[in-house]
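First the structure, in the form of C-alpha cells, and then the observations on it.
The values are calculated or read from the model by the stated rules, or taken from the named source; none is laboratory data. Worth saying up front: this structure is predicted, and the values here are computed from it rather than measured. Glycine also receives a Cβ, built like all others from the backbone with ideal geometry; neighbour counts cover every protein chain displayed. What goes into the accessible areas is simple: the full protein's heavy atoms, side chains included, and nothing from ligands, DNA or RNA. Shrake-Rupley method; radii C 1.70, N 1.55, O 1.52, S 1.80 Å.
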Amino acid sequence: MAESGGDAGFNSKNVALRAQKKVLSRMSTRKVAKSFMDDTTADLMDNLYRIARNHSGNKREAEKVMKDAVKIVVKIGILFRNEQFSQEELRIANDFVRRFRNLAMTVVSFYEVDFTYDKMFLLRSLAECREMLHRLVRNHLTEKSHGRIDHVFDFFGDGAFLDAVFQRESPHRKQLGLIVKDLHTLMDEEPAQT
C-alpha cells in the first residue's frame with residue numbers, strides 16, 4: 001500500500017521529462033545532434049552551418065544558431081515522444097509540419113527555377129512558422145527556449161541573408177545545392193501531410 005504523506009505531487013514521468021530536457025540543454029553539439037537524426041538530416045544541418053558560417057564570417061555565431069536549432073528540434077521531439085501535447089497543440093504541430101514542408105518545397109523551387117526567388121514570400125512564411133512554433137511550445141518550454149526559437153528565425157529569416165543565399169551567383173550556391181538534394185531525399189521519404 002502506497003504512503004500518502006510526502007510524495008503527493010511527485011510524478012516520475014515529469015521528472016524524467018525535465019531530466020531529458022536538462023541533459024539535452026548541456027550537450028547539443030553537432031556530433032551529439034547526429035545521434036538524434038538520420039544521416040540526410042545531419043548532412044542538411046551541416047550544410048546550413050556552412051552557409052551560416054560563411055555568410056556571417058563568425059564561426060561562434062554559426063555554431064550557436066545551429067545548436068539552438070538542434071535543441072529546439074530535439075526538445076519538441078522529446079515532448080512529442082512523451083505525449084505532452086494537447087489535441088490543440090497537435091493540430092498546431094501538424095499545421096507547422098505542413099507549412100514547413102511547403103517552405104522546403106519553395107526553397108527547392110527557388111534554387112531549381114531561375115528568377116523565382118521571392119524574398120517577401122520567404123519572410124512571411126518564416127514569420128508564420130516562428131509564430132506557430134512559439135504557440136506549440138508555449139506551455140512546455142522556458143523563455144530561454146523561446147529565445148532560441150527567435151535566434152534561429154532571426155538569423156535565417158534575415159532579408160540580407162536570404163538575398164545572399166538565393167542570388168544567382170551566390171557564394172553559397174554549392175551548399176544550397178547540397179541542401180536542396182537533401183530536401184528532395186527527405187521529402188521523398190516522408191509521406192505528404194494533408
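Tabulated data for the structure shown
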| read-out | value |
| --- | --- |
| Pair list, Cβ under 9 Å, 6 or more apart: segment 119-139 residue within 24 Å of L79 (Cβ to Cβ), other residue assigned to a helix (DSSP H, G or I) and small (G, A, S) | M132/A93; L136/A93; V137/S145 |
| Meets criteria (assigned to a helix (DSSP H, G or I) and within 27 Å of E169 (Cα to Cα)) for V107 | yes |
| Of all residues in segment 110-124 being assigned to a helix (DSSP H, G or I) and not acidic (D, E), the one that is surrounded by the fewest Cβ atoms within 10 Å (Cβ to Cβ) | M120 |
| Meets criteria (open to solvent by 30 Å² or more (accessible area, probe 1.4 Å) and either touching a helix residue (DSSP H, G or I) at 6+ places or on another chain (Cβ under 6 Å) or hydrophobic (A, V, I, L, M, F, W, C) (or both)) for L103 | no |
| Single unsatisfied condition, L90 versus (1) in contact (Cβ under 8 Å) with a residue 60 or more places away in the chain; (2) more than 22 Å from N54 (Cα to Cα) | (1) |
| Restricting segment 42-67 to residues that are closer than 17 Å to F156 by Cα and modelled with pLDDT under 90, the residue that is surrounded by the fewest Cβ atoms within 10 Å (Cβ to Cβ) | D46 |
| Breaking point among (1) touching a Ser or Thr at 6+ places or on another chain (Cβ under 9 Å); (2) open to solvent by less than 60 Å² (accessible area, probe 1.4 Å), for S170 | (1) |
| Test: residue in segment 149-159 that is under 17 Å from F110 (Cβ atoms), open to solvent by 80 Å² or more (accessible area, probe 1.4 Å) and over 18 Å from the mean Cα position of the chain (by Cα) | no |
